[in-house]
1. Looking at the chain, send over the antiparallel percent of its DSSP beta bridges, to the nearest 5.
2. Mind giving me the FRET efficiency for GLN74 and GLN159? R0 is 25 Å, r the Cβ-Cβ distance, nearest 0.05 is fine.
3. Quick one: grab the alpha carbon gyration tensor of the stretch 57-211, order the square roots of its eigenvalues as a ≥ b ≥ c, and give me rounded if a/c is under 1.5, else prolate or oblate depending on whether a/b is larger than b/c.
4. Rounded if a/c is under 1.5, else prolate if a/b is larger than b/c, else oblate: which is the stretch 32-125, with a ≥ b ≥ c the root eigenvalues of its Cα gyration tensor?
5. On a straight-distance basis, which aspartates and glutamates could pair with LYS179 in a cross-link, Cα separation under 18 angstrom, same-chain partners fewer than 8 positions away excluded?
6. Please state, to two decimals, what the Cα-based radius of gyration of the stretch 101-191 comes to when divided by 2.2 N^0.38 Å (N = residues).
7. Quick one: order ASP135, ASP40 by neighbouring beta-carbon count within 10 Å, fewest to most.
8. I'd like the Kirkwood hydrodynamic radius of the stretch 199-247, using the inverse of the mean 1/r over distinct C-alpha pairs, in Å.
Amino acid sequence: MNAAPISTAITEAAATPVLIRARDVTKVYTLGDQVVRALDGVTFEIAEGEFVAIMGPSGSGKSTMMNLIGALDQPSTGGLEIAGQDIAHMSSDALAELRNRFIGFVFQQFNLLPRTSALAQVMLPLAYATPKPADARHLAEVRLAQVGLANRMDHHPRQLSGGQQQRVAIARALVNNPKLLLADEPTGALDTKTSEEIMRLFTQLNGEGITVVLVTHEPEVADYARRRILFRDGRIVDDRMQPGIPLVSRPTSAVAPAPDAVEAAAS
Ligand code: ADP
Ligand code: MG
């Protein structure tokens, strides 16, 4: 019987919409007469609600990939869709709009403004939102409270620990209510204990339905993610689910549930 697998596949596709779809993506940099193939034919899908760690040695193309799925840059060739929109063929205005509506980005070095309060940092992206929300201050306060900084809103970066600064950066990434949270080595500048706190925060946010994709060198950090994608020389060399970590939102096709389980979850 061939019918059953097909109907299961349709049920799954409906249950977990694909948020990121990369098809044979390349990114080539040319510096003088030197050509660097930073990405060399990368294909994968990430469904809504996933928590993915991207790993791999330095120079393997991780940050290049993150910049593409963050709509900060475009592939040289290949197809890349984010939330159903074709990144490869969009104007820079359309990319900016997509980033504003769907994507939050967190960096290793926090990228905060020096003489600016936590509250003002988190309000900043809302100044570029269309329409501009009337309650920007309230939205920023809610996000700072969510990351555990309700009593640090008036502090400047130098008055905050590294972990607190990264929480401000996460609140700033969340203030536009993104579907997708991207983090490029978010714990790279933090000690072990603080890294664990930040990873618990990402886990909590994923539990609230946000798709999380992060880059890390550290296996302890990657352990928080349900799926691990390994890059080497601009290619994916491994892509696997980690046992024992349930997907908070919904199952993906890699762990196909019985169709009645899907119906039970949907009801
Ligand atoms: P990773 O984040 O895994 O360390 P990157 O994606 O930053 O790797 O880099 C992949 C490769 O692309 C490296 O060889 C790097 O030197 C090169 N590269 C990255 N960005 C640029 C750029 N803007 N111009 C030229 N080469 C680049
Ligand atoms: Mg990098």
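1. Numbers: 24 of 42 bridges.
Close to 55 percent.
2. Working: r = 38 Å, r/R0 = 1.54.
Given R0 = 25 Å and the Cβ-Cβ separation, E is 0.05.
3. Numbers: a/c = 1.92, a/b = 1.31, b/c = 1.47.
Oblate.
4. Working: a/c = 1.65, a/b = 1.40, b/c = 1.18.
Prolate is the answer for the stretch 32-125, as a/c is 1.5 or above and a/b outweighs b/c.
5. GLU45, GLU48, GLU50, GLU81, ASP86, GLU97, GLU208
6. On the way: Rg = 12.2 Å, N = 91, 2.2 N^0.38 = 12.2 Å.
This ratio for the stretch 101-191 stands at 1.00.
7. Numbers: ASP135 10, ASP40 15.
Least to most surrounded, the residues fall as ASP135, ASP40.
8. Values: mean 1/r = 0.0854 Å⁻¹.
Its Kirkwood hydrodynamic radius stands at 11.7 Å.
No value in this document is a laboratory result; all are computed from the given coordinates. Please read all numbers here as calculations on a predicted model, not as lab measurements. Here the Cβ is made from the backbone with ideal geometry for all residues, glycine too, and neighbour counts use every protein chain on show.
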